[in-house]
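The values are calculated or read from the model by the stated rules, or taken from the named source; none is laboratory data. Quantities reported herein were computed from a predicted structural model and do not represent experimental measurements. Cβ sites come from the backbone with ideal geometry, for glycine too, and all protein chains shown count toward neighbours. Surface areas here come from the heavy atoms of the whole protein model, side chains and all, with no ligands, DNA or RNA. Shrake-Rupley method; radii C 1.70, N 1.55, O 1.52, S 1.80 Å.
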Amino acid sequence: MSSILEPGITFINKELKGKNIDRIDRRLKNLKDIFFDKTALEKMDPETVVYEVESYFPVEHDIEGGLFYGITYIHPGTVGNEYFMTKGHFHKIRNRGEFYCTLQGEGMLILMDENRNTWAEKMYPGSIHYIKGNTAHRTANTGNTILSFSAFWPSDAGHDYATISEQGFSKILVQRQGKPELISR
Ligand code: PAN
Ligand code: ZN
């Protein structure tokens, strides 16, 4: 996996170089709640890495006025016919928005408002997505290569994962005849 957050490669602000970088991975064992086909999930290796995130936190969490930056890398794959995807979340402070910019690969950004209306936007290299406040967001890799995108969000936004892990999105993104289709659950 190539990283554009490696210290020394891209940071212009020398005093921040290599600091406050957090790297995480999410494996199937961490994502049991989100995939629809539990039978398919049980047959897969729980250690399979679904996605990785490198985030850059130049200020403290939950402090108003700063910005955070992260790059997400989603591996190609499916659980049953559902594409590998992120957990998805609302921001804890609901009205905080975010930008996503696709770097490589193909995918879909799945969005859901607080009335549970769900829709999706196609992601391709160079596509820029403004995620309005009060909108849950999740990304899925619909291609055969890594999907990567950068994200920029306010430092006080926070993440509410519980609502999605308990209630899910109202639609799921599945592969049908080789193509992505957003269907009601
Ligand atoms: C992104 C996401 C990242 C991973 O940086 O946090 O893509 O997705 P989950 O957080 O849903 O696991 C973002 O939206 N930050 O706010
Ligand atoms: Zn977010």
Across the range 129-176, which residue is farthest from Ser55 (Cα to Cα) among those that are open to solvent by 50 Å² or more (accessible area, probe 1.4 Å) and in contact with a Leu (Cβ under 7 Å, 6 or more places away or on another chain)?
Lys171
Just give me the residues in the range 53-70 being open to solvent by 40 Å² or more (accessible area, probe 1.4 Å) and under 19 Å from the mean Cα position of the chain (by Cα), in sequence order.
His61, Leu67, Tyr69
Tally up the residues in the range 108-118 that are more than 15 Å from ligand 2 (Cβ to nearest atom) and either in a strand (DSSP E or B) or on the phi > 0 side of the Ramachandran plot (or both), please.
3
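So how many residues does the range 119-128 have that are assigned to a strand (DSSP E or B) and surrounded by fewer than 20 Cβ atoms within 10 Å (Cβ to Cβ)?
First, the residues of the range 119-128 that are assigned to a strand (DSSP E or B): 119-123, 128.
Imposing the further condition that a residue be surrounded by fewer than 20 Cβ atoms within 10 Å (Cβ to Cβ) reduces the set to 119, 121-122, 128.
Of the residues in that region, 4 qualify.
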Any residue in the range 89-99 that is among the polar types (S, T, N, Q) and more than 15 Å from ligand 2 (Cβ to nearest atom)?
no
